[in-house]
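The values are calculated or read from the model by the stated rules, or taken from the named source; none is laboratory data. These numbers were taken from a predicted model, which means no experiment stands behind them. Neighbour counts are summed over all protein chains in view; Cβ atoms, including those assigned to glycine, are modelled from backbone coordinates with ideal geometry.
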Amino acid sequence: MPVQDLQVQRRNMNGNRGMLTVLHRIPSRDRLAMSSVADTADRRPLRLFFIPYFASSHLIPLVDIARFLAARGVDSTILATPCNAALVRATVDAAAAAGLRIQLLEYPFPSAESGLPPGVENLSALPPSECDKIDYAIAFTRPTLEHLLGLHHPDAVVADGHFPWTIDIARKLGIPRIKFTALGTLSFCVFHSVLANQPFKDVTRDDERVPIPDLPHPLLLARSELPDFLVQDTVFGRLMEEVREADKASLGIIINSCTEIEGIYLDYFHRMLSIKKTWLVGPISLNDSESSSVGVRGGGLNPAAVGNRARCLSWLSEQKPSSVVYACFGSWSQFTGEQLREIALGLEASGHPFLWVLREADGAEWMPHGFEQRVKWRGLVLRGWVPQVELLSHAAVGAFVTHCGWNSFQEGVSSGLPMVTWPIGTDQFIIEKLVVERFRVGVKASDSIRSTTDPNRTIVRAAELARAIGSIMDAGVAAEGTRRRARELAEKARAAVEKGGSSDKALNDLIEDIYVWHDNKRSAAGMAVDI
């Protein structure tokens, strides 16, 4: 029986080339034709190929979904460029070693075509002014991805929304295309409402908040709080119509959320966006809450990451339960020295122990004089990667200062922590509405109108941050109410991912829906032959 070998180029954590290793043998198309999808008693495992976007916030949850589907019998292959593959290799290798059918297939990043230097393949490695180059690079990956998908002919392709043209490849191969989005359902609804209703067309000031029409509950936003692709000319913004058409033609959309959190928006989502199916399969981080992979998720096993993890856990073990404020603004946040100085002073002034994670590129010249000496007994400042999911679930952590990225929001909710919200870009001001207004599990770091395109336009002062932290960490009826609601929301999220929960069922439904798609295709082909 002929087979095709899926060969994966192995690299060590420093990115050096290693030997070619065959991780899994993929059946050829001839063999696939012999296997009856329609026979539910003897179904072969589905083979799914996953195409993540070049950003950690997209890459990590899609790899997690590929793992969780592999745990349910799916044969999962993740297509990733070398530097992005390095970020998740430890996670994938651990899953494969545990017996799951999962592997990485590397393909080259189009560095020269996109004007990026070799080794720069992820959004977090670029300043905001150059991030369009990552989106520009995507078009140059099409020939390679089309070749790989045609060569291995999976049963379906799960592609990030930044690759809308994968719908054309899927049609050519006669397989379904499924979209993965790193956004939440509410964000999609807001985007559609803004584009369809133009609520800002007569608004002259970009810091004036106006109602967003047609949503299930009131929501006010300023133009400056909208994602850049809705208010500026961006590479991704120019693709919006193509993205919408690809979404409509896809089998459906996978969302890292759950009906307990965002079910209220599904009617709008299906009715207004013409989406066939949605699978709300999150919070993804909760599926891993008891897994050893939490400690390497997205960071790997390089010495700096291992050292950061050990230092965090050692320091947290010395703190009292629920006493620590954990502050982290994601892998892409880029503050001025002035703003970093205000954050430092605000954490100090809060009076609570804190663990603050900075980007490695943030330097130290902005550090307030004597800061580290003054807080050394109750504050820990780290640079680079930390195991956020593991830290948020630690008994010593009592609050989360967050930029409201969708993954961080889900992880904060899953941990039952009250949040101080500090949105910076993309859809984060929309997510802040979920935290502060919809579920009332957090407070804003500042009430000032800020900007997604210029996060440092308005400086959040130390006194504001200290006041916000105190409002959820100190004693009092209001603070205890916020903490209680956060715990209750976490219970709902945990129920969703447990066996029989809404998200657990959604993963099973996704697998079944792909089988049914092929059943229907075979039935239609049989009817055509009969005619």
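Residues in the range 342-361 that are in a helix (DSSP H, G or I) and crowded, with 18+ Cβ neighbours inside 10 Å: Glu342, Ile343, Ala344, Gly346, Leu347, Glu348, Ser350. At least 3 residues being within 23 Å of the chain's Cα centre (by Cα), buried (at least 21 other Cβ atoms within 10 Å of the Cβ) and of a type outside the set (Val, Ile, Thr) is the threshold, and among the helices (runs of 4 or more DSSP H) wholly inside the range 176-261 those reaching it are 185-197. Is there any pair linking a residue in the range 343-356 that is without any contact (Cβ under 8 Å) to a residue 60 or more places away in the chain and within 20 Å of Ala475 (Cβ to Cβ) to one that is of a type in the set (S, T, N, Q) and not in a strand (DSSP E or B), with Cβ under 9 Å and at least six apart or on different chains, and which? Once the first residue is without any contact (Cβ under 8 Å) to a residue 60 or more places away in the chain and within 20 Å of Ala475 (Cβ to Cβ) and sits in the range 343-356, its partners that are of a type in the set (S, T, N, Q) and not in a strand (DSSP E or B) give Pro353/Gln319; Pro353/Ser323.
Sort out for me the helices (runs of 4 or more DSSP H) sitting completely within the range 371-442 that have 3 or more residues that are touching an Asp or Glu at 6+ places or on another chain (Cβ under 6 Å), modelled with pLDDT of 95 or more and surrounded by fewer than 24 Cβ atoms within 10 Å (Cβ to Cβ).
Working: elements: 371-375, 388-392, 406-415, 428-433.
Counting at least 3 such residues, we get no helices (runs of 4 or more DSSP H) at all.
Scanning the range 69-81 for residues that are in a helix (DSSP H, G or I) and in contact with a Leu (Cβ under 6 Å, 6 or more places away or on another chain) yields a single hit, Ala70. Checking each residue in the range 139-166 for being touching an Asp or Glu at 6+ places or on another chain (Cβ under 9 Å), assigned to a helix (DSSP H, G or I) and of a type in the set (A, V, I, L, M, F, W, C) picks out Ala139, Phe140. Residue count for the range 131-146, restricted to those that are under 15 Å from Ile78 (Cα atoms) and either without any contact (Cβ under 8 Å) to a residue 12 or more places away in the chain or in contact with a Leu (Cβ under 6 Å, 6 or more places away or on another chain) (or both): 0.
If you go through the range 82-130 and keep only what is part of a loop (DSSP other than H, G, I, E, B), free of Cβ contacts under 8 Å to residues at least 60 places away in the same chain and crowded, with 21+ Cβ neighbours inside 10 Å, you end up with Leu100, Phe109. Taking Ala445, is it in contact with a Gly (Cβ under 8 Å, 6 or more places away or on another chain), of a type in the set (A, V, I, L, M, F, W, C) and within 21 Å of Val324 (Cα to Cα)? So Ala445 fails the test. The residue of the range 266-282 that is farthest from Val194 (Cα to Cα), among those that are in a helix (DSSP H, G or I) and of a type in the set (A, V, I, L, M), is Leu266. Just one of the listed residues (Ile134, Ile167) is on the phi < 0 side of the Ramachandran plot, surrounded by 21 or more Cβ atoms within 10 Å (Cβ to Cβ), β-branched (Val, Ile, Thr) and within 18 Å of the chain's Cα centre (by Cα), and it is Ile134. Kindly establish whether Ser291 is of a type in the set (Gly, Ala, Ser), over 15 Å from His394 (Cβ atoms) and either modelled with pLDDT under 85 or under 22 Å from the mean Cα position of the chain (by Cα) (or both). Against the criterion (of a type in the set (Gly, Ala, Ser), over 15 Å from His394 (Cβ atoms) and either modelled with pLDDT under 85 or under 22 Å from the mean Cα position of the chain (by Cα) (or both)), Ser291 qualifies.
Scanning the range 31-57 for residues being modelled with pLDDT under 95 and within 14 Å of the chain's Cα centre (by Cα) gives a total of 3.
Restricted to the range 310-339, and to residues that are of a type in the set (A, V, I, L, M) and crowded, with 22+ Cβ neighbours inside 10 Å, which residue is nearest to Pro368 (Cα to Cα)?
Out of the qualifying residues, it is Ala327.
What number of residues within the range 316-340 are within 19 Å of Arg457 (Cα to Cα), touching a residue at least 60 places away in the same chain (Cβ under 8 Å) and in a helix (DSSP H, G or I)? Going through the range 316-340 one residue at a time, the tally reaches 2. List pairs: first residue in the range 152-179 and closer than 13 Å to Ile253 by Cβ, second residue buried (at least 21 other Cβ atoms within 10 Å of the Cβ) and among the aromatic types (Phe, Trp, Tyr) anywhere in the structure, Cβ distance under 6 angstrom, at least six positions apart or on different chains. Note: pairs meeting the criteria are Val158/Phe50; Val158/Phe180; Asp160/Tyr53; Asp160/Phe180.
Among the residues of the range 397-406, is there at least one that is over 20 Å from Leu347 (Cα atoms) and either aliphatic (A, V, I, L, M) or touching a residue at least 12 places away in the same chain (Cβ under 8 Å) (or both)? Within the range 397-406 (the criterion being over 20 Å from Leu347 (Cα atoms) and either aliphatic (A, V, I, L, M) or touching a residue at least 12 places away in the same chain (Cβ under 8 Å) (or both)), the answer is yes, since at least one residue qualifies. The numbered conditions (1) at pLDDT 85 or above; (2) assigned to a loop (DSSP other than H, G, I, E, B); (3) under 25 Å from Leu489 (Cβ atoms) are all true for Ser285 except (2).
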